[in-house]
Amino acid sequence: MDIKGKGKAKDPSLTPAGSNINVGSDGLTAEEQLYQETVHRLQKSYSKKIKPLEQAYCFEGFHSAPLTAQDIGSKPMILLLGQYSTGKTTFVEYLLGESYPGAHVGIEPTTDRFVAIMNGPEPKVIPGHAAAVSGDLPFSGLTKFGTKFLSRFQVAQLNNPLLSNLTLIDTPGILSG
């Protein structure tokens, strides 16, 4: 069914190999346009219907702050956990096919902070404090963990096709008990 419930939506994955993918004047495929439209509708519904209820009943006082547009529109995040020196960073680099900005690999524990690896126009590292206050990034909720945590967090951006659909979180190793 299409978004309005009338007729069948064509599944782009079923198109014959080698066929042309239609791209609109904005440079987006029909699937990307539908995704952006859906996210926009979710953001609008939340701000008009749910957020006023959260504010009226002081939801923030006992659970969490209201969501931002960046929270609703953010890509899925995959958190990698494991003991130190077991290959978490190496695995991320394998998936990406390249090293990410600020990555360190070695026999001793080398990743000493949480690193959100996201898509960006050019390779760069954004410190945790800056990432938490940026209106363009979905990390404003991390401010509640304080400056000590934010000093151990950073965002690494690079232009990689895998990161157009998700964000990877590389973590420091945990010690075995």
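Results for (1) hydroxyl-bearing (S, T, Y); (2) within 18 Å of the chain's Cα centre (by Cα), shown as yes or no for each residue.
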site: S47; (1), (2): yes, no
site: A69; (1), (2): no, yes
site: L81; (1), (2): no, yes
site: L95; (1), (2): no, yes
site: Y100; (1), (2): yes, yes
site: D112; (1), (2): no, no
site: P123; (1), (2): no, yes
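As a summary of the residue check, G106 satisfies the conditions (1) at pLDDT 90 or above; (2) open to solvent by less than 70 Å² (accessible area, probe 1.4 Å); (3) over 25 Å from Q43 (Cβ atoms) except for the one numbered (1). Whenever a residue of the range 75-89 is modelled with pLDDT under 90, its partners that are of a type in the set (D, E) and exposed (fewer than 13 other Cβ atoms within 10 Å of the Cβ), lying with C-beta atoms within less than 8 angstrom and at least six residues away or across chains, give the pairs S85/E108. Among the numbered criteria (1) within 16 Å of the chain's Cα centre (by Cα); (2) not in a loop (DSSP other than H, G, I, E, B), which one does L34 miss? Unmet for L34, out of (1) within 16 Å of the chain's Cα centre (by Cα); (2) not in a loop (DSSP other than H, G, I, E, B): (1). Every residue in the range 144-177 that is within 15 Å of A116 (Cα to Cα), open to solvent by 20 Å² or more (accessible area, probe 1.4 Å) and assigned to a helix (DSSP H, G or I), please. Within the range 144-177, F149, L162, S164 meet the criteria. Yes or no: the range 67-76 includes at least one residue that is farther than 26 Å from P161 by Cβ and open to solvent by less than 90 Å² (accessible area, probe 1.4 Å). Within the range 67-76, one or more residues are farther than 26 Å from P161 by Cβ and open to solvent by less than 90 Å² (accessible area, probe 1.4 Å).
Looking only at the range 120-143, residues that are farther than 25 Å from G61 by Cβ and open to solvent by 20 Å² or more (accessible area, probe 1.4 Å) come to 11 in all.
The one condition from (1) touching a residue at least 24 places away in the same chain (Cβ under 8 Å); (2) over 26 Å from L67 (Cα atoms) that Y94 does not meet is (1). Out of S164, S134, S151, S140, one residue alone is under 20 Å from F91 (Cβ atoms) and not hydrophobic (A, V, I, L, M, F, W, C). It is S164.
Summed over the range 77-87, the residues that are within 16 Å of L166 (Cβ to Cβ) and open to solvent by less than 90 Å² (accessible area, probe 1.4 Å) give a count of 3.
The values are calculated or read from the model by the stated rules, or taken from the named source; none is laboratory data. For clarity, every value in this text was computed on a predicted model and none was experimentally measured. Cβ coordinates were reconstructed from backbone atoms using ideal geometry, including for glycine residues, and neighbour counts include every protein chain displayed. Side chains are part of the model used for accessible areas, which takes the heavy atoms of the whole protein and leaves out ligands, DNA and RNA. Shrake-Rupley method; radii C 1.70, N 1.55, O 1.52, S 1.80 Å.
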